[in-house]
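Some notes on the structure that comes next.
The values are calculated or read from the model by the stated rules, or taken from the named source; none is laboratory data. On a predicted model such as this, the values are computed, not experimentally measured, just so you know. Quick reminder, even Gly has a Cβ in these numbers, built from the backbone with ideal geometry, and neighbours come from all protein chains shown.
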Amino acid sequence: MQTYNSLITKQKSFFRTDTTKDLAYRLEALQKLRIAIKNNEKKLMSALKGDLNKSEFDSYSTEIGIVLEELRFTIKHLRSWVKPKRVKTPITHIGSRSFIFSEPYGVTLIIAPWNYPFQLAIAPLIGAIAAGNCAVIKPSELTPKTSEVLGKLISDLFPEEYISVVQGGIETSQALLNEKFDYIFFTGSVPVGKVIMEAAAKNLTPVTLELGGKSPCIVHEDANIKLAAKRIAWGKFTNAGQTCIAPDYLYLHKKIKEQFLSEFKKATIELYGEKPLNNVHFTRIVSDKHFQRLCSFLDNGELFMGGDSNQENLMIEPTVVTDITWDDQIMQDEIFGPILPVLEYDVLSEVLEGIHRHPKPLSLYLFTENNNVQQEVVNSVSFGGGCINDTVYHFVSPYLPFGGVGNSGIGAYHGKGNFDTFSHQKSVLKQTTLFDIPFRYPNMKNGLNKIKLFLK
Ligand code: NAD
């Protein structure tokens, strides 16, 4: 097996020069990255088209634009984020001052998946650079065209001792995991997340795990049905459902089921046309293996809409299956495709019970006008993040840290959260030498009584 020891050693030596900690160096790197992404927009779009049949609109709005916005926000705020934060000092520490320094971890590893192959590799890189780290990126092997453009873009911009892209599949990933990194940022599936954490544990390397799972979408009886239908259709079928935070399944209130489904069908046709398989802008399924896996769900429950597929170009129509229960095959794992199963409910407690019996989801979406219902769901269910009366949109706010909880992940990023993820918070006390309070010393007269005045 190839080793990456010499690359990591080079990065560690470079990190030790403290060059990457310099604010001007970080800002210049972020600026250079921003300009290069803009200059490579066309190449990226054509690679994404080749790998996943992503349209230019989708490529820009879900990959390139998101990353440019993350860069813009980071460049704007970095100067204030890097400043040591002065914090209060308790009376017991009189004479001293307290600070928190955000320091980079060192050499970081970023492992990315295929579904947003550019965005999910570059967004964490922005955090790594902003915080002053070196980085090795391992993009997905399932989107070779995009991974190649990404590799070239990075190697043209940065020396490998600072930022390097290593291409390859599982073996490459495992060879990298044999090295001792200072931080590992992984985006991918739950089973591989466990492999990553196990490898990291050997070196006590801290990790962020951005994983997946089944994200519920609840439509309550009092929801704005038309808008809910449109926002859910968009969130589910963008990227052909291959989005970690896509609504995985619907919980529909029985009273509005028929009305909702009919609006949902209309909304989907408006977005993708009567014949989505002929729509040149509809994203395809990434591989034959995933295509076969998804097709095996098409006979679950009752087919309400869609159901057609084209094996030659790996496309599956936006599909809805109803009369689904938790025992159906489609409900056993994250779907990650354009098939939406529908569960029904009478009372909210059935929904809460159903969700609670399964791992904590990455996202949760709730459509209702009722504040009490909103409060009850947010209070009762643990989930990574989500929206009320929308889907997916929370992902693109730099003010909302994005991440999972429990099985859906550990840690969060985006905006300041991205900088914080790649920084260790180093607490430092600056003590005075002008005087020395004697309470702490064991030889002080009545020491115990005096210390009890302060530590109570
Ligand atoms: P994956 O876990 O199969 O692969 C992700 C990365 O890990 C790839 O670079 C791959 O080469 C590497 N890898 C695969 N198997 C490995 C192993 N045994 N040891 C070491 N490395 C290995 O995930 P994927 O199929 O590329 O992506 C889909 C998954 O990612 C879905 O579960 C989805 O929910 C999740 N995801 C999560 C987020 C998020 O932000 N939380 C975003 C996108 C995707």
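Here are the numbers for the structure shown:
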item	result
First in region 33-50 and touching a residue at least 24 places away in the same chain (Cβ under 8 Å) and of a type in the set (D, E, K, R), second anywhere and surrounded by 15 or more Cβ atoms within 10 Å (Cβ to Cβ) and assigned to a helix (DSSP H, G or I), Cβ under 8 Å, 6 or more apart	R34/L68; R34/L71; R34/I75; K38/L68; K43/V149
Filter result for the condition that a residue is closer than 26 Å to L109 by Cα, in contact with a helix residue (DSSP H, G or I) (Cβ under 6 Å, 6 or more places away or on another chain), of a type in the set (A, V, I, L, M, F, W, C) and surrounded by 12 or more Cβ atoms within 10 Å (Cβ to Cβ), over F422, F439	F422
Whichever residue in region 94-127 is in a strand (DSSP E or B) and in contact with a Cys (Cβ under 8 Å, 6 or more places away or on another chain) and, among such residues, is surrounded by the most Cβ atoms within 10 Å (Cβ to Cβ)	T108
Filter result for T62 (of a type in the set (V, I, T), surrounded by 12 or more Cβ atoms within 10 Å (Cβ to Cβ) and closer than 18 Å to Y116 by Cβ)	yes
Condition met for S155 (hydroxyl-bearing (S, T, Y) and either in contact with a strand residue (DSSP E or B) (Cβ under 8 Å, 6 or more places away or on another chain) or farther than 21 Å from N178 by Cα (or both))	yes
Condition broken by A200, with the remaining ones in (1) within 15 Å of A412 (Cα to Cα); (2) assigned to a helix (DSSP H, G or I) satisfied	(1)
Residue in region 176-190 that is part of a loop (DSSP other than H, G, I, E, B), farther than 27 Å from E148 by Cα and not hydrophobic (A, V, I, L, M, F, W, C) present	no
Residue match in region 20-41 (condition: among the aliphatic types (A, V, I, L, M), under 15 Å from A130 (Cα atoms) and within 22 Å of the chain's Cα centre (by Cα))	yes
Sole residue being within 16 Å of the ligand (Cβ to nearest atom) and crowded, with 17+ Cβ neighbours inside 10 Å, chosen from V381, V396, V392	V392
Residue among A233, A228 that alone is surrounded by 20 or more Cβ atoms within 10 Å (Cβ to Cβ), within 22 Å of the chain's Cα centre (by Cα) and away from the ligand (no atom under 16 Å from the Cβ)	A233
Enumeration of residues in region 152-169 that are surrounded by fewer than 19 Cβ atoms within 10 Å (Cβ to Cβ) and away from the ligand (no atom under 13 Å from the Cβ)	K152, S155, D156, L157, P159, E160
Single condition S46 does not satisfy, out of (1) over 19 Å from L157 (Cα atoms); (2) surrounded by 17 or more Cβ atoms within 10 Å (Cβ to Cβ)	(2)
Cross-chain or 6+ apart pairs with Cβ under 6 Å, region 117-144 first and not assigned by TED's automatic domain parsing to the domain that holds F419, then buried (at least 24 other Cβ atoms within 10 Å of the Cβ) and not in a loop (DSSP other than H, G, I, E, B)	none
Condition met for E141 (within 16 Å of the ligand (Cβ to nearest atom), surrounded by fewer than 22 Cβ atoms within 10 Å (Cβ to Cβ) and in a helix (DSSP H, G or I))	no
Residue in region 323-343 that is within 16 Å of the ligand (Cβ to nearest atom), outside any strand (DSSP E or B), closer than 26 Å to Y393 by Cβ and among the acidic types (D, E) present	yes
Total residues in region 238-265, condition in contact (Cβ under 8 Å) with a residue 24 or more places away in the chain, assigned to a helix (DSSP H, G or I) and more than 16 Å from the ligand (Cβ to nearest atom)	10
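Residue-wise test of (1) over 22 Å from Y105 (Cα atoms); (2) near the ligand (Cβ under 10 Å from one of its atoms); (3) in contact (Cβ under 8 Å) with a residue 60 or more places away in the chain.
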{"residue": "E171", "(1), (2), (3)": "yes, yes, yes"}
{"residue": "L176", "(1), (2), (3)": "no, yes, yes"}
{"residue": "E179", "(1), (2), (3)": "no, no, yes"}
{"residue": "V195", "(1), (2), (3)": "no, yes, no"}
{"residue": "A201", "(1), (2), (3)": "no, no, no"}
{"residue": "G212", "(1), (2), (3)": "yes, yes, yes"}
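Let's see how each residue does on (1) touching a strand residue (DSSP E or B) at 6+ places or on another chain (Cβ under 9 Å); (2) farther than 24 Å from E103 by Cα:
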residue: Q2; (1), (2): no, yes
residue: S6; (1), (2): no, yes
residue: Q11; (1), (2): yes, no
residue: A24; (1), (2): no, no
residue: R34; (1), (2): no, no
residue: N40; (1), (2): no, yes
